[in-house]
1. In region 16-28, which residues are in contact with a strand residue (DSSP E or B) (Cβ under 6 Å, 6 or more places away or on another chain) and of a type outside the set (Lys, Arg)?
2. For Ala278, state whether it is in contact with a Pro (Cβ under 9 Å, 6 or more places away or on another chain), within 20 Å of Asp214 (Cα to Cα) and surrounded by fewer than 19 Cβ atoms within 10 Å (Cβ to Cβ).
3. Filter region 29-83 down to the residues that are surrounded by fewer than 19 Cβ atoms within 10 Å (Cβ to Cβ), touching a strand residue (DSSP E or B) at 6+ places or on another chain (Cβ under 7 Å) and hydroxyl-bearing (Ser, Thr, Tyr) and list them by number.
4. Of all residues in region 1-28, which are in a strand (DSSP E or B), surrounded by fewer than 20 Cβ atoms within 10 Å (Cβ to Cβ) and at pLDDT below 95?
5. Name the one entry in Leu259, Leu319 that is over 26 Å from Thr200 (Cβ atoms) and surrounded by fewer than 20 Cβ atoms within 10 Å (Cβ to Cβ).
6. Within region 95-119, restricting attention to residues that are in a helix (DSSP H, G or I) and among the aliphatic types (A, V, I, L, M), which residue is surrounded by the fewest Cβ atoms within 10 Å (Cβ to Cβ)?
7. Any residue that is buried (at least 19 other Cβ atoms within 10 Å of the Cβ), outside the structural domain of Gly208 (by TED's automatic domain parsing) and within 24 Å of the chain's Cα centre (by Cα) - is there at least one of those in region 163-171?
Amino acid sequence: MIDLSLAGAADDADLRAMLRSNPMPGWVTLSLEREPSWAAGQNRFGRERVVIARDGTTAVGMYACAEHPVHVDGRPANLGYLGGLRVNPAYRHRLRVLRAGYASIPRLSGIANPNLWYTSIAAENRPARRLLEAGLADLPRYVALGEMLTLALPKSRGKRLGRWRPIQASEGQALCRVHNASAARFQFAPVLTPEGMATTGATFFVTGESGCIDACMAIWNQQAYKQVVARAYRPALAAALPLYNAWARLARRIALPRLNQALDQSFLAFFAPGSDDAATLIPLIQDALAICPSQVLTFGCHAAHPALPALLRTFKPALYRTVVYAVCFDSPPAWDARPVQPEVAIL
């Protein structure tokens with residue numbers, strides 16, 4: 001019998017082992033890890049719980065359920081996010097395990113509305129998407145809302161232009177107003193508060209004179225508690241990795257980590273540039289790259305962003321495509337059609 005319960009400190013080693021042993025396949029197989037402990041990165045934005053599934057004493061699966069302050073139809077709301085789903089291979093095709101997991105969400109999540117969530121799934125993970133979109137009995141309905149792109153930008157494409165300055169202690173409220181006015185244009189973009197800023201541990205920057213903020217962002221290095229680790233490469237790439245990395249350095253592209261090494265990245269988070277046109281975005285991102293402490297700066301945007309072609313030409317990023325879903329235990333919501341653009345740094 002599969003038993004699901006809230007994970008505690010005694011489950012930490014099993015949670016981290018499942019993250020390591022259930023990577024995401026692709027041309028590079030990546031594991032999303034939480035070292036040295038799951039708790040070190042918990043509750044950095046909103047409130048997060050993690051549920052562990054056991055067959056007897058053996059850990060066989062897990063998921064995380066967070067409650068995020070986000071914008072829905074332009075208004076602040078607390079909405080649940082489902083993530084971190086891992087099922088060990090021997091149990092992956094047992095629907096009873098999946099059904100038991102979903103049935104546990106209202107009981108264990110502890111959020112105000114356990115019947116409506118959002119989540120994101122890798123676009124190329126077609127088996128998972130087919131299963132979850134199939135409308136199977138006793139599973140929630142997955143409604144695709146739009147596609148997101150995560151862009152990993154090489155620091156070598158940065159240029160110090162003096163656009164960004166560190167936020168002053170008195171500017172927290174003003175920064176949040178600028179950010180939230182921009183974020184309200186998108187579904188699931190975060191609602192930022194001074195208290196939420198402090199909890200993240202990110203470093204915040206603004207443009208404009210004191211008392212007149214034009215744009216804002218944070219550089220958020222999460223490597224002390226959350227890592228993206230290269231676990232395997234396709235054979236041809238594995239053999240050519242040293243040559244590829246030599247070329248990448250010359251071409252100012254992203255050099256790939258060695259096997260079992262974490263990607264050296266920070267997030268360009270809570271980015272409110274003041275305008276969506278490429279002429280505004282490109283120098284702001286160049287300047288952010290120049291002050292980034294990592295070799296890679298990662299941020300997300302919706303797939304129809306008007307500046308996306310120019311960003312791809314200028315920065316030559318590595319791309320990761322995801323589909324954003326509403327996960328509905330009741331009837332699907334009647335949300336409006338504004339683009340979905342959650343903050344990738346909190347997913």
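1. At the first step, the residues of region 16-28 found to be in contact with a strand residue (DSSP E or B) (Cβ under 6 Å, 6 or more places away or on another chain) are 18-20, 22-24, 28.
Matches in region 16-28: Met18, Leu19, Asn22, Pro23, Met24, Val28.
2. Working: in contact with a Pro (Cβ under 9 Å, 6 or more places away or on another chain): yes; within 20 Å of Asp214 (Cα to Cα): yes; surrounded by fewer than 19 Cβ atoms within 10 Å (Cβ to Cβ): yes.
The answer is yes for Ala278.
3. Thr29
4. Step one: list which residues in region 1-28 are in a strand (DSSP E or B), which gives 2-6, 24, 28.
Now restrict to residues that are surrounded by fewer than 20 Cβ atoms within 10 Å (Cβ to Cβ): 2-3, 5-6, 24.
Matches in region 1-28: Ile2, Met24.
5. Numbers: Leu319 fails: over 26 Å from Thr200 (Cβ atoms).
Answer to the check: Leu259.
6. Initial filter on region 95-119 (in a helix (DSSP H, G or I)): 95-108.
Keeping just the survivors that are among the aliphatic types (A, V, I, L, M) gives 95, 97-98, 100, 103, 105, 108.
On the way: Leu95: 12, Val97: 18, Leu98: 21, Ala100: 17, Ala103: 14, Ile105: 21, Leu108: 19.
Selected residue: Leu95.
7. no
Let's see how each residue does on (1) among the aromatic types (Phe, Trp, Tyr); (2) on the phi > 0 side of the Ramachandran plot:
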site: Leu4; (1), (2): no, no
site: Arg16; (1), (2): no, no
site: Leu19; (1), (2): no, no
site: Trp27; (1), (2): yes, no
site: Glu33; (1), (2): no, no
site: Ser37; (1), (2): no, no
site: Ala40; (1), (2): no, no
site: Gly46; (1), (2): no, yes
site: Arg49; (1), (2): no, no
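The values are calculated or read from the model by the stated rules, or taken from the named source; none is laboratory data. On a predicted model such as this, the values are computed, not experimentally measured, just so you know. Don't worry about glycine lacking a Cβ; one is built from the backbone with ideal geometry, like all the others, and counts go over all protein chains shown.
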